1. Report, ordered by the first and then the second residue, all pairs with beta carbons closer than 8 Å, sequence separation of six or more or different chains, a first member in segment 81-101 that is in contact (Cβ under 8 Å) with a residue 12 or more places away in the chain and of a type in the set (K, R), and a second member that is within 16 Å of ligand 1 (Cβ to nearest atom) and assigned to a helix (DSSP H, G or I).
2. Please determine, by comparing only the residues of segment 17-46 that are open to solvent by less than 20 Å² (accessible area, probe 1.4 Å) and of a type in the set (A, V, I, L, M, F, W, C), which one is farthest from D58 (Cα to Cα).
3. State whether one or more residues within segment 44-55 are in contact with a helix residue (DSSP H, G or I) (Cβ under 8 Å, 6 or more places away or on another chain) and over 19 Å from S111 (Cα atoms).
4. Kindly check whether there is at least one residue in segment 63-75 that is farther than 22 Å from A133 by Cα, among the β-branched types (V, I, T) and more than 12 Å from ligand 1 (Cβ to nearest atom).
5. If you scan segment 1-16, which residues turn out to be part of a helix (DSSP H, G or I) and open to solvent by 60 Å² or more (accessible area, probe 1.4 Å)?
6. Give just the number: which of (1) farther than 29 Å from E13 by Cβ; (2) out of contact with any helix residue (DSSP H, G or I) (no Cβ under 9 Å at 6 or more places or on another chain) does D69 not satisfy?
7. Which one of D69, D105 is within 29 Å of S141 (Cβ to Cβ), open to solvent by 30 Å² or more (accessible area, probe 1.4 Å) and free of Cβ contacts under 8 Å to residues at least 12 places away in the same chain?
8. Go through segment 8-37 residue by residue and tally those that are more than 30 Å from F135 (Cβ to Cβ) and of a type in the set (A, V, I, L, M).
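The values are calculated or read from the model by the stated rules, or taken from the named source; none is laboratory data. These numbers come from a predicted model, not from an experiment. Cβ placement follows ideal geometry from the backbone for every residue including glycine, while neighbour counts extend to all protein chains displayed. SASA here: full protein model, heavy atoms, side chains in, ligands and nucleic acids out. Shrake-Rupley method; radii C 1.70, N 1.55, O 1.52, S 1.80 Å.
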Amino acid sequence: MLINKDNLPLVAEDFMNDVHYEDVDIINDLYEKLLNYIDAETKENKNIVIDAYQNWYDHTVSHFKGEEDKMIELNFPPYMMHKGEHEKCLEQMRQVLDYFIKNDDKEFLKSYLELDLINWLVNHIQTMDTVTAMFFKTGMSPCSAH
Ligand SMILES: [Fe+2]
Ligand SMILES: [Fe+2]
């Protein structure tokens with residue numbers, strides 16, 4: 001298991017926490033499949049990793065869209081800033097998958113998941129998602145709080 005759900009920061013909106021838990025399940029599943037592929041380097045195992053990654057990417061698109069739709073609906077002032085972080089993350093996810101498919105670099109993918117991704121996810125939840133969920137819940141934006 002790469003990420004323990006108990007260590008995931010919680011935000012004020014349960015619909016967001018639920019999606020984050022799903023995300024963690026999918027990432028853990030992907031990580032297990034990558035470890036299997038490192039153990040047994042077959043074409044089939046590589047395809048299993050690619051499918052799991054694609055599944056994670058699709059889930060992330062809808063994870064981010066769910067937050068963005070609600071930000072638009074409730075007129076969240078720093079919408080563009082939050083959406084910008086999502087877009088950068090998706091772009092990096094696509095680049096990492098491309099690189100893995102072309103170069104078959106398992107250690108690169110492994111360290112991306114273990115370091116970059118975990119750091120990004122925890123940091124994003126603790127900052128953007130936390131502030132946004134608080135706004136959804138209370139109508140208080142970080143701008144109007146000052
Ligand atoms: Fe999120
Ligand atoms: Fe977010």
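1. K83/F64; K83/E68; K83/M71; R94/Y57
2. Filtering first and then ranking leaves L34.
3. The answer is yes, given that some residue of segment 44-55 is in contact with a helix residue (DSSP H, G or I) (Cβ under 8 Å, 6 or more places away or on another chain) and over 19 Å from S111 (Cα atoms).
4. Taking segment 63-75 as the starting set, the residues that turn out to be farther than 22 Å from A133 by Cα are none.
No, every residue in segment 63-75 fails to be farther than 22 Å from A133 by Cα, among the β-branched types (V, I, T) and more than 12 Å from ligand 1 (Cβ to nearest atom).
5. Our first condition is that a residue be part of a helix (DSSP H, G or I); within segment 1-16, this holds for 5-7, 14-16.
Listed by number, the residues that qualify are K5, D6, N7, D14, F15.
6. (1)
7. Working: D105 fails: within 29 Å of S141 (Cβ to Cβ).
When all the criteria are applied, what remains is D69.
8. As a first pass, look at segment 8-37 and keep what is more than 30 Å from F135 (Cβ to Cβ): 29-37.
This time we only want the ones that are of a type in the set (A, V, I, L, M), so: 30, 34-35.
Going through segment 8-37 one residue at a time, the tally reaches 3.
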